[in-house]
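Below is one structure, written out as C-alpha cells, with a few remarks after it.
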Amino acid sequence: ARNLTYNRYWNLISTRNADKSGADYSPPLKYYDFPLKSGNSWNQSSIETDIKSGKKRTHTITGAVDGWENVSVPAGNFRAIKVSLQTEISDPNTGEIIRGTDVSWFVPEIGRSVKSITSSQDGKKRIIQLIGYELADRK
C-alpha cells in the first residue's frame, strides 16, 4: 500500500510506502492551480526529501489548463477540465534528469480528478481511473 497526502488544492504533500519509505515535498507539488480556467498555466519547483536517507531532488512542473472535455471512466461519464503537466525530476547527487507527463481530467462537481494518464521518458504509461464515488452532504 502507498499513502499519498494532498492539501485541499490536490497538491502533493507526502508519500508513504508499506516499507516505511517515502518522501516529503516542500512546497507541495502543484498538480492544480485553482481556479482552473482554459488557457491558464503555471510553473513550480519543489524539493523532494527522502524520509529515510534525507537525500533531496528537485521537481519542476509546468502546468496548463487545456479546456473542457467529456470523459468516460468506470464511475461514469463526466464533463471535466483537462490539465496537462510536464514534469522534470533532477537529482543533484547523480546529475540524472527524469522527464514525464501527466494529463488529468478534473471534475469540479465531485472535487477531484476522475482520470489521469502518466508517461515517463522510457515510454511507459499508467492510467488511473475513478471506479466509484459517493458525495457527502455539503450543508
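The values are calculated or read from the model by the stated rules, or taken from the named source; none is laboratory data. What you see is a predicted model; the values in this text were computed from it and never measured. Note that we place each Cβ from the backbone using ideal geometry, even for glycine, and neighbour counts take in every protein chain shown. The area values use the complete protein model at the heavy-atom level, side chains included, leaving out ligands, DNA and RNA. Shrake-Rupley method; radii C 1.70, N 1.55, O 1.52, S 1.80 Å.
Of the residues Asp66, Asp19, Asp24, Asp102, which single one is within 15 Å of the chain's Cα centre (by Cα) and more than 21 Å from Gly123 (Cα to Cα)?
The unique qualifying residue is Asp24.
Confirm whether Ile127 is at negative phi, under 16 Å from the mean Cα position of the chain (by Cα) and not hydroxyl-bearing (Ser, Thr, Tyr).
yes
Return the pair list, or none, for Cβ contacts closer than 7 Å from residues in the stretch 2-17 that are more than 18 Å from Arg57 (Cα to Cα) to residues that are of a type outside the set (Lys, Arg) and in a loop (DSSP other than H, G, I, E, B), at least 6 apart or on different chains.
Tyr9/Tyr32; Tyr9/Phe34; Trp10/Tyr31; Trp10/Tyr32
Within the stretch 78-99, take every residue that is more than 17 Å from Ile61 (Cβ to Cβ) and among the charged types (D, E, K, R) and give me the one that is farthest from the chain's Cα centre (by Cα).
Step by step, filter the stretch 78-99, then rank; the result is Glu96.
Scan the stretch 22-44 for residues that are open to solvent by 70 Å² or more (accessible area, probe 1.4 Å) and more than 16 Å from Gly67 (Cα to Cα) and jot them down.
Result: Ser26, Asn43.
Out of the residues in the stretch 88-136 meeting the condition of being of a type in the set (S, T, N, Q) and open to solvent by less than 40 Å² (accessible area, probe 1.4 Å), tell me which one is nearest to Trp42 (Cα to Cα). Explain how you work it out, then say what you get.
Pass one, the stretch 88-136, residues of a type in the set (S, T, N, Q): 90, 93-94, 101, 104, 113, 116, 118-121, 129.
Still in the running and open to solvent by less than 40 Å² (accessible area, probe 1.4 Å): 90, 104, 113, 116, 118-119.
Values: Ser90: 19, Ser104: 15, Ser113: 18, Ser116: 19, Thr118: 18, Ser119: 20 Å.
Among residues in the stretch 88-136 that are of a type in the set (S, T, N, Q) and open to solvent by less than 40 Å² (accessible area, probe 1.4 Å), the one nearest to Trp42 (Cα to Cα) is Ser104.
Here is a yes/no grid of residues against (1) open to solvent by 50 Å² or more (accessible area, probe 1.4 Å); (2) in contact with a strand residue (DSSP E or B) (Cβ under 6 Å, 6 or more places away or on another chain):
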| position | (1), (2) |
| --- | --- |
| Arg8 | yes, no |
| Ile13 | yes, yes |
| Lys20 | yes, no |
| Asn77 | yes, no |
| Ile81 | no, yes |
| Leu85 | no, yes |
